[in-house]
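Peer 1: Here it is: the structure, laid out below.
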Amino acid sequence: MSRTIAAVSTPPGIGGIAVVRLSGPDAIPIASRHVSLPADGRSHSLSPFRIGHTLLDEVVVTLFPAPHSYTGLDTVEFSCHGSLYVQQALLQALLDSGASLAEPGEFTRQAFLNGRLNLSQAEAVADLIDSTNAASHRLAISQLRGGYAHLLAQLRQQLVDLTALLELELDFSDEDVEFADRRQLRSLVAELQHNITRLVDSFSLGNAIKRGIPVAIVGKPNVGKSSLLNALLDDDRAIVSPIPGTTRDTIEETLTLDGLSFRFIDTAGLRRTDDPIETIGRDRAIQSIRRATVILFVRDATEPFSPAFLDEVHQLLDGIPQQDKITFIVHNKADLTPPPYPSGIALSARTGQGLDQLKQHLVQAVRQRMDHTEGVMLTNLRHLEALRQVQQALNHVEQGLADNLPADLVAIDLRDALHHLGTITGQVTSDEVLGTIFSRFCIGK
Ligand SMILES: Nc1nc2c(ncn2[C@@H]2O[C@H](COP(=O)(O)OP(=O)(O)O)[C@@H](O)[C@H]2O)c(=O)[nH]1
Ligand SMILES: [Mg+2]
């Protein structure tokens with residue numbers, strides 16, 4: 001039995017209006033002790049809010065009878081004046097009348113438990129609240145609308161069919177018949193693996209878009225990396241000097257371009273040195289390259305362009321999966337040298353020429369990657385982990401089929417795959433998982 005919960009849903013502080021939400025089986029009787037609920041088929045009423053005989057405020061009462069509410073249970077919302085005192089007194093009155101204080105995310109948890117949202121959609125609600133730019137907002141909305149739920153449902157159906165085929169064979173195992181054509185099974189599993197891999201591969205970009213796309217600015221000392229960061233931010237964020245080795249640590253700043261959030265990371269120069277601090281800086285620079293989605297290789301355009309530079313670039317990228325990276329060569333200090341420039345982007349961190357071009361290239365490159373994923377993008381680490389488990393279980397299935405293992409053994413791995421797939425939307429779940437997910441929410445949501 002669900003409890004009846006209440007919380008202030010608007011942010012803490014003083015505002016024009018505050019919203020207090022009440023949801024659960026006793027919402028209507030509790031609310032009725034303080035206000036007149038909307039009647040005659042209306043959903044709103046303007047009503048005095050009374051505590052005993054004392055008038056606290058004039059509030060707008062909105063009634064959402066079950067099951068047509070966010071939580072699926074009877075829900076009443078009170079829009080009161082946004083005084084801290086009024087909000088707190090109103091909430092306290094509801095608690096005194098029998099409601100319990102809602103835990104973080106408990107309204108959304110009720111919605112999940114009542115089948116109003118699946119787990120992946122509930123997580124999307126938290127992402128939506130956290131979204132800070134157009135791109136992360138779009139990802140959250142798409143997940144809220146079901147996102148790749150249709151894809152997951154499809155995968156699930158395929159898995160269920162496979163399991164059914166195998167289990168049919170089990171029922172007749174005495175008669176030594178093979179209903180399931182093993183070759184057909186193997187190609188079905190391979191197709192499943194392919195679809196899951198596509199989802200798994202979309203995570204690095206999806207996650208970058210959600211958290212800000214990391215752009216590492218790398219190159220030799222003194223080529224103008226810190227100047228470029230400052231120019232992009234239009235701010236004197238990093239120290240610029242003609243002394244090589246000025247930047248020893250990585251500096252990170254966020255900039256939103258055309259709805260995409262980029263995290264620019266200025267790094268120490270990539271030169272070998274005996275200075276222990278500079279060496280740490282260099283190692284950090286290499287770490288940033290590994291983690292970055294975009295890498296800007298900056299060089300000094302006044303120096304002769306040599307193939308050695310490209311060699312160095314390739315060396316740095318050695319062992320890093322290339323399909324994940326977007327790389328640009330930036331010829332800086334273009335104000336000091338006349339064109340033509342080698343291919344790449346010529347700009348001047350000092351005069352600002354070419355900066356807009358760089359920004360356009362960045363946005364375009366990311367948008368192109370997004371188009372490739374055909375709108376299906378994984379952004380949630382929990383989902384990624386679940387899909388990896390599915391992959392692993394399917395590897396076992398493939399192996400089992402290849403080794404001609406008995407159907408019952410293969411079926412165990414198939415059910416394992418189904419189990420992990422089910423954790424994403426919450427068909428299979430545990431209190432512990434729910435606890436972790438909903439604790440990310442704010443109180444009142
Ligand atoms: N003329 C000119 N000088 C620049 C430009 N960018 C950087 N510099 C100068 O180059 C030197 C090194 O710059 P800095 O940003 O500290 O390089 P970093 O070591 O790569 O971070 C400084 O004296 C800057 O003023 C540019 O676009 N044009
Ligand atoms: Mg620097």
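The values are calculated or read from the model by the stated rules, or taken from the named source; none is laboratory data. A quick note: this is a predicted structure, and the numbers were derived from the prediction, not measured. Cβ coordinates were reconstructed from backbone atoms using ideal geometry, including for glycine residues, and neighbour counts include every protein chain displayed. Remember, those area values only see protein heavy atoms, side chains included, never the ligands or the DNA or RNA. Shrake-Rupley method; radii C 1.70, N 1.55, O 1.52, S 1.80 Å.
Peer 1: Just need the relative contact order of region 208-372 here, percent rounded to a whole number, with Cα pairs under 8 Å and 6+ apart.
Peer 2: Relative contact order comes out at 23 percent.
Peer 1: With all protein chains present and a 1.4 Å probe, how do T425, T302, T351 order by accessible area, largest first?
Peer 2: Descending order: T351, T302, T425.
Peer 1: Here is a further query. Report ³J(HN,Hα) in whole Hz for each residue of region 151-165, in order, from the Karplus equation J = 6.51 cos²θ - 1.76 cosθ + 1.60 where θ = phi - 60°; Gly and Pro get x.
Peer 2: For region 151-165, the Karplus curve yields 5, 5, 4, 5, 4, 4, 4, 4, 5, 4, 4, 4, 4, 4, 4 Hz.
Peer 1: Next up: List the trypsin sites (Lys or Arg not before Pro) within region 365-414 that DSSP assigns to loop and that have no more than 11 neighbouring Cβ atoms inside 10 Å.
Peer 2: Within region 365-414, no trypsin sites (Lys or Arg not before Pro) qualify (loop, at most 11 other Cβ atoms within 10 Å).
Peer 1: Taking the solvent-accessible surface of protein heavy atoms with a 1.4 Å probe, what is the per residue accessible area of the chain in Å²?
Peer 2: It amounts to 50 Å² per residue over the chain.
Peer 1: So for the pair R367, R211, with labels modelled 7 Å out along Cα→Cβ, what separation do we get in nm?
Peer 2: Here the answer is 2.6 nm between the modelled labels.
Peer 1: For a distance above 27 Å, tell me the whole-number percent of Cα pairs in region 208-372 that qualify.
Peer 2: When every Cα pair of region 208-372 is considered, 18 percent fall beyond 27 Å.
Peer 1: I would also like to ask the following. Whole number please: convex hull volume per residue, Cα atoms of the chain, in Å³.
Peer 2: With only Cα atoms used, the chain gives 211 Å³ per residue.
Peer 1: Quick one: length gained pulling V200 to L233 fully straight, 0.36 nm per residue minus the C-alpha distance?
Peer 2: 8.6 nm
Peer 1: Of all the accessible heavy-atom surface of region 5-113, with the other protein chains kept in place and a 1.4 Å probe, what percent is carbon and sulfur?
Peer 2: Looking at region 5-113 in its full context, I get 59 percent from C and S.
Peer 1: Here is a further query. What fraction of the DSSP beta bridges in the chain is antiparallel, stated in percent and rounded to the nearest 5?
Peer 2: Counting DSSP beta bridges with both partners in the chain, the antiparallel share is about 60 percent.
Peer 1: Related question: Expressed as a rounded percentage, what relative contact order does the chain have, with Cα pairs under 8 Å and six or more residues apart?
Peer 2: 17
Peer 1: Follow-up. Round to a whole number: what % of the accessible area of region 208-372 belongs to carbon and sulfur, probe 1.4 Å?
Peer 2: 48
Peer 1: Just grab the label-to-label distance for A153 and S32, each label 7 Å out from Cα along the Cβ direction, in nm (one decimal).
Peer 2: It works out to 3.9 nm between the two label points.
Peer 1: For K333, list the lysines whose Cα falls under 21 Å from its own Cα; do not include residues on the same chain fewer than 8 positions away.
Peer 2: Those lysines meeting the cut-off are K220, K225, K359.
Peer 1: Another one. Roughly speaking, what is the stretch gain from T302 to R42, that is 0.36 nm per residue apart minus the C-alpha to C-alpha distance, in nm to one decimal?
Peer 2: Result for the pair: 86.2 nm of gain on full extension.
Peer 1: Shifting gears a bit: Which cross-chain or sequence-distant (5 or more) residues have an amide H under 5 Å from the amide H of G219, H modelled 1.01 Å from N in plane?
Peer 2: L270, V298
Peer 1: Could I have the simple spin-label model distance between E191 and Q88, label points 7 Å from Cα toward Cβ, reported in nm to one decimal?
Peer 2: If labels sit at E191 and Q88, their model points lie 6.2 nm apart.
Peer 1: What are the GluC sites (Glu not before Pro) within region 343-445 that DSSP puts in a loop, where the Cβ has at most 10 other Cβ atoms within 10 Å?
Peer 2: Qualifying residues, ordered by number: E374.
Peer 1: Let me have the 222 nm mean residue ellipticity of the chain computed from DSSP H runs of 4+ only, each contributing -39500 (n - 2.57), with the sum over all residues rounded to the nearest 500.
Peer 2: -15000 deg cm²/dmol, from helical runs alone.
Peer 1: Another question, then. Rounded to the nearest 0.05, what FRET efficiency is calculated for E432 and L336 with R0 set to 41 Å and r the Cβ-Cβ distance?
Peer 2: 0.10
Peer 1: If the convex hull of the alpha-carbon atoms of region 5-113 is projected onto planes in all directions, what is the mean projected area in square nanometres?
Peer 2: 6.3
Peer 1: What do you get for Rg/Rh over region 1-61 if you use C-alpha atoms and the Kirkwood form of Rh?
Peer 2: 0.97
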